[in-house]
Amino acid sequence: MRFLVLSVLLASGASHAAPPRPAPKDELRTLLAELIAADTSNPPGNETAAARVAARWLSEAGIDSELIEPSPGRGNLLVRLKGSGKGKPILVLAHLDTVPAVRSEWVTDPWKLTEKDGLLYGRGVQDNKGMAAASILALRRLKQDGGPRSRDILLYLGADEEVGSGQGLDWMMEHRPELKEAELALNEGGLTELSPDRKQVRFVALQAAERVSRNVTLKATGPGGHSSAPPVDAGPLVRVAAAVARVGALTFPAHLTPAARLHIQGRAPITPGELGDALRRIAAAPDAPPEDAVSTVARLEPALGAVLRTTCVPTVFHAGTRSNVIPATAEATVNCRLLPDADAKAVRERIVAAVNDKDVQVEMDVSPPDSPMSPVGDNAMFRAVQAAAAKVWPKAPVIPRQSTGTTESATLRRAGIHAYGIDLFALTPDDARTAHAPNERVPVASLQPGAEFVYLTLKHLTR
Ligand SMILES: [Zn+2]
């Protein structure tokens with residue numbers, strides 16, 4: 001086992017000179033600016049800088065927090081707002097680390113929250129410091145509201161989400177068993193979609209399931225040799241290259257999980273144009289979605305098309321070192337994203353059939369997908385989000401969602417916690433694409449509704 005340096009201390013704001021208190025309407029923006037100014041690009045992370053900002057804002061409202069560092073500088077902040085204990089705790093989580101930013105690729109300073117034409121720019125403003133800031137402010141308001149609350153709220157502001165969670169949630173789940181007491185969790189991963197003209201919030205999608213990443217290795221070996229005297233048989237490079245081309249062209253059958261089904265059925269009646277037509281056709285035949293309608297969705301909204309089937313994309317190829325040497329080995333990696341209820345063995349069989357070359361080995365972990373799905377439909381989380389959204393975005397339906405990528409919710413779900421992902425800021429598809437990209441942004445007008453949404457959701461869950 002790795003040696004871990006652990007330091008635990010009760011965080012307090014005493015040693016930090018607090019700047020003048022912002023007016024309540026400016027709190028979210030002020031806090032967000034402070035969190036973004038703490039550069040937590042991972043690697044190396046340095047999340048403790050942001051955790052201390054969070055701890056100060058909490059302590060100003062009389063809320064204690066615990067700073068936990070699995071190794072120096074890798075701060076995780078844990079907070080418990082006590083309730084009556086009638087219900088099991090709710091876990092709210094946001095991560096404090098961000099992906100790195102290259103200053104020259106940005107129109108603004110990535111670590112200075114900057115407003116431009118109605119948009120707020122900064123690394124982490126979406127992913128995931130907005131959620132961290134809104135959660136802190138929600139806890140402050142709930143504390144101020146006073147009791148009674150039916151259950152504890154555990155707020156976990158974590159490190160290392162962007163690089164595997166070894167210094168973050170994975171470490172915490174092992175060392176802080178109280179996290180596993182939670183019945184429900186509220187995390188990132190949802191989608192609150194703003195129309196491109198920014199006039200209307202179209203829907204509020206709560207992430208309840210995600211696909212599972214699994215790598216497939218295609219490998220071949222041969223005698224190698226001098227390129228001036230090629231053997232008759234195709235060498236490993238040619239074999240693996242041909243296999244990659246065939247696997248790259250493979251399409252798995254469309255299949256709707258419960259979350260994807262309800263997502264499509266919720267969006268079909270409110271989506272105009274060609275996309276709406278395709279969604280209505282899929283909604284009408286959810287057990288056998290028409291392949292051409294699924295292809296239309298994939299063309300018009302790739303992220304939605306991607307969750308309607310298992311996908312496999314070649315991503316890495318290794319072969320050869322010199323131009324005059326026939327390589328003796330070649331290896332390619334294909335990254336598959338399995339539906340959470342996919343049969344991994346059947347996926348491997350299809351890949352083997354597509355490769356259709358006994359000299360190309362196909363290696364793949366065929367254990368069942370380990371990303372359980374949270375229940376969808378009428379439950380405490382959906383009711384809370386519906387009640388909150390009805391106040392903040394009264395015309396937008398609340399629907400479940402299955403996300404293309406993976407979040408830490410998979411870890412929570414494996415521990416038996418029903419985790420759900422929200423997107424507190426209403427974003428256009430173009431805004432949403434700036435996460436992990438240069439010029440990460442959110443509309444200024446999405447800030448206050450987002451803070452209200454998180455507060456009202458937690459209020460409802462703890463009433
Ligand atoms: Zn991220």
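What pairs come up if the first residue lies in the stretch 221-237 and is assigned by TED's automatic domain parsing to the domain that holds residue 331, the second is of a type in the set (A, V, I, L, M, F, W, C) and assigned to a helix (DSSP H, G or I), and their beta carbons are under 9 Å apart, counting only those six or more places apart or on different chains?
Filtered contacts from the stretch 221-237: 222/237; 234/242.
What number of residues in the stretch 187-204 are more than 16 Å from the ligand (Cβ to nearest atom) and either under 13 Å from the mean Cα position of the chain (by Cα) or more than 17 Å from residue 382 (Cβ to Cβ) (or both)? Give the steps one after another, and end with the answer.
Going residue by residue through the stretch 187-204, those that are more than 16 Å from the ligand (Cβ to nearest atom) are 192-204.
If we keep only those that are either under 13 Å from the mean Cα position of the chain (by Cα) or more than 17 Å from residue 382 (Cβ to Cβ) (or both) as well, we get 193-202.
Number satisfying all stated conditions: 10.
Any residue in the stretch 298-322 that's in contact (Cβ under 8 Å) with a residue 12 or more places away in the chain: show its pairings with residues that are acidic (Asp, Glu) at Cβ separation under 9 Å, as long as the two are six or more apart or on different chains.
Filtered contacts from the stretch 298-322: 300/274; 307/210; 316/331; 317/331; 318/331; 319/331.
So which residues in the stretch 117-154 are under 24 Å from residue 69 (Cβ atoms), buried (at least 23 other Cβ atoms within 10 Å of the Cβ), away from the ligand (no atom under 15 Å from the Cβ) and under 21 Å from the mean Cα position of the chain (by Cα)?
133, 135, 136, listed by residue number.
Looking at this structure, is residue 259 hydrophobic (A, V, I, L, M, F, W, C), in contact with a helix residue (DSSP H, G or I) (Cβ under 8 Å, 6 or more places away or on another chain) and at pLDDT 95 or above?
No: the conditions fail for residue 259.
So, residue 283, is that one at negative phi, over 24 Å from the mean Cα position of the chain (by Cα) and not assigned by TED's automatic domain parsing to the domain that holds residue 421 or not?
Yes.
How about the stretch 406-463: which of its residues are under 24 Å from residue 40 (Cα atoms) and in a helix (DSSP H, G or I)?
The answer is 409, 410, 411, 412, 431, 432, 444, 446, 447, 450, 451, 454.
Are any of the residues in the stretch 425-448 within 18 Å of residue 90 (Cα to Cα) and either surrounded by 17 or more Cβ atoms within 10 Å (Cβ to Cβ) or more than 16 Å from the ligand (Cβ to nearest atom) (or both)?
The answer is no, given that none of the residues of the stretch 425-448 is within 18 Å of residue 90 (Cα to Cα) and either surrounded by 17 or more Cβ atoms within 10 Å (Cβ to Cβ) or more than 16 Å from the ligand (Cβ to nearest atom) (or both).
Can you work out which of the residues in the stretch 307-318 that are hydrophobic (A, V, I, L, M, F, W, C) and buried (at least 19 other Cβ atoms within 10 Å of the Cβ) is nearest to residue 355 (Cα to Cα)? Steps first, answer last, please.
Taking the stretch 307-318 first, the residues hydrophobic (A, V, I, L, M, F, W, C) are 307-308, 312-313, 316-317.
If we keep only those that are buried (at least 19 other Cβ atoms within 10 Å of the Cβ) too, we end up with 307-308, 312.
On the way: 307: 24, 308: 23, 312: 13 Å.
Going through the qualifying residues, I end up with 312.
Within the stretch 155-163, identify whether any single residue is in contact with a helix residue (DSSP H, G or I) (Cβ under 8 Å, 6 or more places away or on another chain), of a type in the set (D, E, K, R) and assigned by TED's automatic domain parsing to the domain that holds residue 69, and answer yes or no.
Filtering the stretch 155-163 down to residues in contact with a helix residue (DSSP H, G or I) (Cβ under 8 Å, 6 or more places away or on another chain) leaves 155-161.
Checking the rest, the ones that are also of a type in the set (D, E, K, R) come to 160-161.
From what is left, the residues that are assigned by TED's automatic domain parsing to the domain that holds residue 69 are 160-161.
Yes, some residue in the stretch 155-163 is in contact with a helix residue (DSSP H, G or I) (Cβ under 8 Å, 6 or more places away or on another chain), of a type in the set (D, E, K, R) and assigned by TED's automatic domain parsing to the domain that holds residue 69.
Just to be sure, is residue 242 buried (at least 23 other Cβ atoms within 10 Å of the Cβ) and either part of a helix (DSSP H, G or I) or among the β-branched types (Val, Ile, Thr) (or both)?
no
I want to confirm something. Restricting to the stretch 163-191 and keeping residues that are surrounded by fewer than 15 Cβ atoms within 10 Å (Cβ to Cβ) and among the small types (Gly, Ala, Ser), which single residue is nearest to residue 210 (Cα to Cα)?
The extreme case among them is 164.
Return the total of residues in the stretch 89-112 being farther than 21 Å from residue 182 by Cα and surrounded by 24 or more Cβ atoms within 10 Å (Cβ to Cβ).
Number of matching residues: 3.
If you go through the stretch 71-84 one residue at a time, do you hit one that is hydroxyl-bearing (Ser, Thr, Tyr), away from the ligand (no atom under 16 Å from the Cβ) and touching a residue at least 40 places away in the same chain (Cβ under 8 Å)? Give the steps one after another, and end with the answer.
In the first step, residues of the stretch 71-84 are kept if they are hydroxyl-bearing (Ser, Thr, Tyr); the result is 71, 84.
This time we only want the ones that are away from the ligand (no atom under 16 Å from the Cβ), so: 71, 84.
With the extra rule that they be touching a residue at least 40 places away in the same chain (Cβ under 8 Å), the set shrinks to 71, 84.
Yes: the stretch 71-84 contains one or more residues that are hydroxyl-bearing (Ser, Thr, Tyr), away from the ligand (no atom under 16 Å from the Cβ) and touching a residue at least 40 places away in the same chain (Cβ under 8 Å).
Which of (1) within 16 Å of the ligand (Cβ to nearest atom); (2) part of a strand (DSSP E or B); (3) surrounded by fewer than 24 Cβ atoms within 10 Å (Cβ to Cβ) is the odd one out, the single condition residue 157 does not satisfy?
(3)
Does at least one position in the stretch 6-17 carry a residue that is assigned to a strand (DSSP E or B), more than 24 Å from residue 453 (Cβ to Cβ), assigned by TED's automatic domain parsing to the domain that holds residue 103 and at pLDDT 95 or above?
Checking the stretch 6-17: not a single residue is assigned to a strand (DSSP E or B), more than 24 Å from residue 453 (Cβ to Cβ), assigned by TED's automatic domain parsing to the domain that holds residue 103 and at pLDDT 95 or above.
Assess whether residue 383 counts as being in a helix (DSSP H, G or I) and among the charged types (D, E, K, R). Show your work before the answer.
Values: in a helix (DSSP H, G or I): yes; among the charged types (D, E, K, R): yes.
It is true that residue 383 is in a helix (DSSP H, G or I) and among the charged types (D, E, K, R).
The values are calculated or read from the model by the stated rules, or taken from the named source; none is laboratory data. Bear in mind that the values here come from a model prediction, so they are computed numbers and not experimental data. A quick note on method: Cβ atoms are made from the backbone with ideal geometry, for glycine too, and the neighbour counts reach across all protein chains shown.
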